[in-house]
Amino acid sequence: MANNQLGVLNALDAAKTQWYHFTAIVIAGMGFFTDAYDLFGISLITKLLGRIYYTNENHPKPGTLPPNVAAAVNGTAFVGTLAGQLFFGWLGDKLGRKRVYGLTLMLMVVCSIASGLSFGKSPAGVMTTLCFFRFWLGFGIGGDYPLSATIMSEYANKKTRGAFIAAVFAMQGFGILTGGIVALIVSASFDHAYKAPPYSVNPKDSTAPEADYIWRIILMFGAVPALLTYYWRMKMPETARYTALVARNAKQAAADMSKVLQVELEAEEEKVETAPSSNSFGLFTKEFARRHGLHLLGTSVCWFLLDIAYYSNNLFQKDIFSAIGWLPKAETMNAIHEVYRVAASQSLIALCGTIPGYWFTVALIDYIGRFTIQLMGFFFMTVFMFALAIPYHHWRSNNAGFLIMYSLTFFFANFGPNATTFVVPAEIFPARLRSTCHGISAAAGKLGAIVGALGFLYAAQSTNPAETDQGYPPGIGVKNTLLVLGSINCLGIFFTLLVPESKGKSLEELTGENEEADGNDKQQASSTQTLPV
């Protein structure tokens, strides 16, 4: 470690696990809880939206969202998230992590409520309003990615930093599960209160008028956890690494961390004054490309490939459940009961595969390393995708086996690249560019999510025109879709080789900022050295 390393940063790196670490995990993690609830919750209600607004009572099947509407409803939040990741990632490096942290949360609160209040005189009007608010909801969610990861990274000690950042991200699992539970409670309550016949018995009465409240309540509930943590998020001090290394205010950094660590820390202002300029190289420079170009390519492409597979799986898993018999045919249920069955299926997958995978990562990431977990995750996702796809017709008559295999793909996504692609970009880039580079990597992931969410709405349709959802052209079918996703996961194995291992090292060691400081010291020493005549 460089001699010029600030004492406040050494103190953070060496700090034992304390109460403030857990506080930071909860404060940052509740943002991700809300993110997952809002992003994945839409898949719980798309079938209901189709029934309410697009049912033709003379058709033998209940209504579904037309392809362009489904693409817009599913995709606008992702587009907003992508934009928010880039914008707030950049802003977090320019203005500071804390100054923009509360803004993202309030945007999420306001737009969650507004999404549930979507209005219009026609189905197109309601969907347009919903898409508008979900774009801005996504914009706020996008800001939470780089800011939460960077804040947790810069607060953590180097021994357990990976576990702390992964724990923030692991709150996604609880967000997904809570979305399912809320949908179960709301739909069960309405189903009990407003009895309705199946669609095949009475198409008109199968969708109770009160069903319109269900999707609105589910969406609006996303504001609750975010609102509960706003006060505590505003009380967090700015990270010492931003204050000292970017804002170059050693006195404030020492004062803030003295309160957090409950120890006296020296300001060391002279070290900040003699340290190299925080703007020694920017993002679009040859020096950045030389030092971190391949790293940024690796983190971005791995996240892009992972999210194609991950989000397509989440968004069309309700169709997989139908294909293997978990969900009865839509015409045999009323609208409210269908929400209940979709929510039950998705909650079970979250409980069996999603949440355990996240917490396996939290437990093991600082022991076996980020690189190993990501490589292993992509490998097993590839194996299980192909194992599902190749004997696909066998699994259609073996529901329990399909559930196990499908859950394992989610387990190794979360005990694998879904967690590590979030952790690593928060560690390996310089403090002055950390939030920006994390935002770029995350935005590449959301681009993959858009490809997965929108592309596979079409791709997963049956090859038989008679079996496709209303309004969709024939696709390549679930089996071939799984084969494509397996190939995409295989590509992730190779791009993981571009990502360095960050286990057990300080952030300044990883980013080369210590080298800059050492180089600056040597240059000053040589300029004052007396040479013999």
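The values are calculated or read from the model by the stated rules, or taken from the named source; none is laboratory data. Since this is a predicted model, take the numbers as computed values, not measurements. Here the Cβ is made from the backbone with ideal geometry for all residues, glycine too, and neighbour counts use every protein chain on show. Just the protein is used for accessible areas: all its heavy atoms, side chains included, with ligands, DNA and RNA removed. Shrake-Rupley method; radii C 1.70, N 1.55, O 1.52, S 1.80 Å.
Numbers below:
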| quantity | calculated |
| --- | --- |
| Enumeration of residues in the stretch 147-161 that are of a type outside the set (Gly, Ala, Ser) and either crowded, with 24+ Cβ neighbours inside 10 Å or closer than 30 Å to ARG51 by Cβ (or both) | LEU147, THR150, ILE151, MET152, GLU154, TYR155, ARG161 |
| Index of the failed condition, THR129 passing every other in (1) surrounded by fewer than 24 Cβ atoms within 10 Å (Cβ to Cβ); (2) in contact (Cβ under 8 Å) with a residue 40 or more places away in the chain | (2) |
| Of the criteria (1) farther than 30 Å from ASN202 by Cα; (2) at pLDDT 95 or above, which one ILE151 fails | (2) |
| The stretch 162-185, subset over 27 Å from ARG216 (Cα atoms) and open to solvent by less than 10 Å² (accessible area, probe 1.4 Å), residue farthest from the chain's Cα centre (by Cα) | GLY162 |
| Considering residues of the stretch 246-257 that are open to solvent by 40 Å² or more (accessible area, probe 1.4 Å) and among the small types (Gly, Ala, Ser) only, the residue nearest to GLY282 (Cα to Cα) | ALA247 |
| Matching residues, the stretch 444-454, being within 13 Å of PHE422 (Cβ to Cβ) and open to solvent by 10 Å² or more (accessible area, probe 1.4 Å) | ALA444 |
| Unique match (being in a helix (DSSP H, G or I), open to solvent by 60 Å² or more (accessible area, probe 1.4 Å) and touching a residue at least 12 places away in the same chain (Cβ under 8 Å)) among LEU219, LEU228 | LEU228 |
| Residue that is surrounded by fewer than 21 Cβ atoms within 10 Å (Cβ to Cβ), in contact (Cβ under 8 Å) with a residue 60 or more places away in the chain, of a type outside the set (Phe, Trp, Tyr) and in contact with a Pro (Cβ under 8 Å, 6 or more places away or on another chain), where the choices are GLY471, GLY492, GLY504, GLY439 | GLY471 |
| Single residue of ILE176, ILE185 found to be modelled with pLDDT of 95 or more and assigned to a helix (DSSP H, G or I) | ILE185 |
| Subset tally (residues that are assigned to a helix (DSSP H, G or I) and either open to solvent by 20 Å² or more (accessible area, probe 1.4 Å) or not charged (D, E, K, R) (or both)) for the stretch 231-245 | 9 |
| Residue list for the stretch 408-433, filter: open to solvent by 10 Å² or more (accessible area, probe 1.4 Å) and over 14 Å from GLY486 (Cα atoms) | PHE411, PHE415, ARG432, LEU433 |
| Unmet requirement for LYS158, which otherwise passes all of (1) over 28 Å from GLY416 (Cα atoms); (2) basic (Lys, Arg); (3) touching a helix residue (DSSP H, G or I) at 6+ places or on another chain (Cβ under 7 Å) | (1) |
| Count of the stretch 408-455 residues which are farther than 19 Å from GLY142 by Cα, more than 15 Å from the chain's Cα centre (by Cα), part of a helix (DSSP H, G or I) and not hydroxyl-bearing (Ser, Thr, Tyr) | 4 |
| Among (1) modelled with pLDDT of 90 or more; (2) of a type in the set (Lys, Arg); (3) open to solvent by 10 Å² or more (accessible area, probe 1.4 Å) - the single one ARG396 does not satisfy | (1) |
| Search result, residues across the stretch 348-393 that are aromatic (Phe, Trp, Tyr) and either touching a helix residue (DSSP H, G or I) at 6+ places or on another chain (Cβ under 8 Å) or within 23 Å of PHE174 (Cα to Cα) (or both) | TYR358, TRP359, PHE360, PHE371, PHE378, PHE379, PHE380, PHE384, PHE386, TYR392 |
| For ASP144: the one exception among (1) buried (at least 24 other Cβ atoms within 10 Å of the Cβ); (2) farther than 21 Å from PRO417 by Cα | (2) |
| Candidates ALA71, ALA14 - the one that is aliphatic (A, V, I, L, M) and modelled with pLDDT under 85 | ALA14 |
| Pick from the stretch 274-307, criterion open to solvent by 10 Å² or more (accessible area, probe 1.4 Å) and of a type in the set (Val, Ile, Thr), ranking: modelled with the lowest pLDDT | THR274 |
| Pairs where the first residue, in the stretch 154-173, is in contact (Cβ under 8 Å) with a residue 40 or more places away in the chain and the second is of a type in the set (Gly, Ala, Ser) and open to solvent by 10 Å² or more (accessible area, probe 1.4 Å), C-beta under 6 Å, 6+ apart | ASN157/ALA15 |
| Helices (runs of 4 or more DSSP H) completely within the stretch 1-107 that count 1 or more residues being open to solvent by less than 10 Å² (accessible area, probe 1.4 Å) and in contact with a strand residue (DSSP E or B) (Cβ under 9 Å, 6 or more places away or on another chain) | none |
| Qualifying residue in the stretch 409-425 (condition: in contact (Cβ under 8 Å) with a residue 12 or more places away in the chain and over 27 Å from GLY179 (Cα atoms)) | yes |
| Selected residue (only one of LYS235, LYS195 is out of contact with any Asp or Glu (no Cβ under 7 Å at 6 or more places or on another chain), farther than 24 Å from THR150 by Cβ and at pLDDT 85 or above) | LYS195 |
| Pair list, Cβ < 6 Å and 6+ apart or interchain, from the stretch 43-57 residues that are more than 21 Å from TYR311 (Cα to Cα) and at pLDDT below 90 to residues that are open to solvent by 50 Å² or more (accessible area, probe 1.4 Å) and not in a helix (DSSP H, G or I) | GLU57/LYS204 |
